[in-house]
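One structure below.
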Amino acid sequence: MYIRDIREVLSSLVCVLTGISIIVMSLGYELGTAFNMGPGYFPLLLGIVLLVTGIFIAAGAVSWRVGTAKTTTSFDRRSLWALVVVAATFVGFAALLETCGLALTCFVVLSAAGMTSRLLRPLEAFLTAFVLSSISVILFVYVLDLQIRAWPW
């Protein structure tokens, strides 16, 4: 077995370990049925999806043929900066949600994360953040009626 991309192997390991831990923790709650879901049912399904996703990522990152392994993997300062910013967006989301509301918080956090991407230009990052923020507000505030303020006012 040859590893083609170590980054994908490590990210798949994170997905698999997180999925397993979510599955184990969700088994401590009542599961219920598909029509009468208990508090552990949905986290169990999400844990299974995360576990399977990690397995598929790992399967795509390895090869059984000789000579198909990648030899170079770069981790430069920009990659480190992206890692720091994306990690900070989790803290930023928790810090901003109460005061700024879901729409503005999602927009700020997603814009910051999108600006670190090598694939998106700034305008594309802002448009993506706007669309995802709008979907989040519509889904969580208006459709699911969660008790989260959508706007800061």
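The values are calculated or read from the model by the stated rules, or taken from the named source; none is laboratory data. The model shown is predicted, which means the values in this text are computed figures rather than measured ones. Heads up, the Cβs are rebuilt from the backbone with ideal geometry, glycines too, and the neighbour counts pull from every protein chain shown.
Tell me the residue from PHE42, PHE107, PHE130, PHE126 that is part of a helix (DSSP H, G or I), surrounded by fewer than 16 Cβ atoms within 10 Å (Cβ to Cβ) and outside the structural domain of ARG7 (by TED's automatic domain parsing), please.
PHE130
So, in segment 45-70, of the ones that are among the β-branched types (Val, Ile, Thr) and not in a strand (DSSP E or B), which residue ends up surrounded by the most Cβ atoms within 10 Å (Cβ to Cβ)?
That would be ILE57.
Kindly list the number of the only condition in (1) under 30 Å from ARG4 (Cα atoms); (2) in contact with a strand residue (DSSP E or B) (Cβ under 8 Å, 6 or more places away or on another chain) that fails for LEU50.
(2)
Among (1) under 29 Å from ASP76 (Cα atoms); (2) surrounded by fewer than 15 Cβ atoms within 10 Å (Cβ to Cβ), which single condition is GLU8 missing?
Among (1) under 29 Å from ASP76 (Cα atoms); (2) surrounded by fewer than 15 Cβ atoms within 10 Å (Cβ to Cβ), GLU8 violates only (2).
Among the residues of segment 21-39 satisfying the criterion of being surrounded by 12 or more Cβ atoms within 10 Å (Cβ to Cβ) and β-branched (Val, Ile, Thr), which is farthest from the chain's Cα centre (by Cα)?
ILE23
For segment 47-56, indicate whether the set of residues that are over 14 Å from the mean Cα position of the chain (by Cα), within 27 Å of CYS106 (Cα to Cα) and at pLDDT 90 or above is non-empty.
Checking segment 47-56: at least one residue is over 14 Å from the mean Cα position of the chain (by Cα), within 27 Å of CYS106 (Cα to Cα) and at pLDDT 90 or above.
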